[in-house]
Amino acid sequence: HNPFYDQALRLNPNYANAYNDRGHAYMNKKDYDRAIQDFDKAIQLNPRHSTAFNNRGVTYRNKGDNDHAIQDFSEAIRLNPSYANAFNNRGMAHDSKGEYELAITDFSQVISLRPSFAGAFDSRCFDRAILGQLQSALEDCNKSLALRPGDADTLDSRGFAYLKLKNADAAITDYNAALTVSPKMASSLYGRGLAEGMKGDQAASGKDIAAANAIQANIAGQFAKWGVPAPKP
């Protein structure tokens, strides 16, 4: 129960913002179905409630329904064309569907609206690395790290770009730094394992790849999808 919002809605059953806020509280508690019901009601009461569309999109994304999420983020953006968070959320939903070009377009829009949004530089870095736009990827990761020094996710992304550039030493340096912050990051363990393999250190490579697989069983398939196939046995 959310007594504060319940009381507000008893006083004014047509208070769209209270439905949106209660939906947000349900979303934070991972009670996604009740959250969606509240966002539905907020939107029914105020069809121009861009925040409710964005929040419902986040809830659908949390449920793994990226198609519905993208529809909601797109409507939030239509209603509020300068809604940087909605562009960022839609970019992440496109990422989840493997639609990297569309994701990059959205992250670029975020950056034009909010040039200090470090996460958007990181996300665009990683997507550009997937697509082989490696120098642009490095520039984006460097900008992200200038805004957010020592961020494990961005170090992991830059490590991946170096891995695709076959710069094993630079990749290992970034993966080491990421793992210092986040020791169980499967992508950094696996990427470091691949980079160690490039350098001929099969013992270290095997150990890191095994550790990554123990944390995330499909990590090799994920890297293969990103254009980095598993090493030959």
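Reported count of residues in segment 68-116, each being assigned to a loop (DSSP other than H, G, I, E, B), open to solvent by 50 Å² or more (accessible area, probe 1.4 Å) and not polar (S, T, N, Q), is 5. Selection of first residues in segment 161-173 that are at positive phi and of second residues that are surrounded by fewer than 18 Cβ atoms within 10 Å (Cβ to Cβ) and not acidic (Asp, Glu), restricted to Cβ pairs under 6 Å at least 6 apart or on distinct chains, gives an empty result. Within segment 178-197, being of a type in the set (A, V, I, L, M), within 20 Å of the chain's Cα centre (by Cα) and open to solvent by 10 Å² or more (accessible area, probe 1.4 Å) holds for 179, 181, 185, 189. Out of segment 117-148, which residues are of a type in the set (Gly, Ala, Ser) and either at negative phi or in a helix (DSSP H, G or I) (or both)? Once the filter is applied, which keeps residues that are of a type in the set (Gly, Ala, Ser) and either at negative phi or in a helix (DSSP H, G or I) (or both), segment 117-148 yields 118, 119, 120, 123, 129, 136, 137, 144, 146. Would you pick out the residues in segment 125-153 that are open to solvent by less than 70 Å² (accessible area, probe 1.4 Å) and of a type in the set (Asp, Glu)? If the condition is that a residue be open to solvent by less than 70 Å² (accessible area, probe 1.4 Å) and of a type in the set (Asp, Glu), then 127, 140, 151 are the ones that fit. Among residues of segment 45-61 that are within 13 Å of residue 16 (Cα to Cα), those with a beta-carbon under 7 Å from a residue that is at pLDDT 95 or above and assigned to a loop (DSSP other than H, G, I, E, B) at least six positions away or on a different chain give the pairs 50/80; 50/83.
When residue 156 is tested against (1) buried (at least 20 other Cβ atoms within 10 Å of the Cβ); (2) more than 20 Å from the chain's Cα centre (by Cα), just one condition goes unmet, and that condition is (2). Selection over segment 20-43 of residues that are within 15 Å of residue 72 (Cβ to Cβ) and at pLDDT below 95 gives a count of 6. Of all the numbered requirements in (1) surrounded by fewer than 18 Cβ atoms within 10 Å (Cβ to Cβ); (2) in a helix (DSSP H, G or I); (3) under 21 Å from the mean Cα position of the chain (by Cα), residue 175 misses one, and that requirement is (1).
Of a type in the set (D, E, K, R) and either open to solvent by 50 Å² or more (accessible area, probe 1.4 Å) or farther than 27 Å from residue 137 by Cβ (or both): is that true of residue 48 in this structure? Yes, satisfied.
The values are calculated or read from the model by the stated rules, or taken from the named source; none is laboratory data. All values reported here derive from a predicted model rather than from experimental measurement. Because the Cβ atoms are built from the backbone with ideal geometry, glycine has one as well, and the counts that use them run over all protein chains shown. Remember, those area values only see protein heavy atoms, side chains included, never the ligands or the DNA or RNA. Shrake-Rupley method; radii C 1.70, N 1.55, O 1.52, S 1.80 Å.
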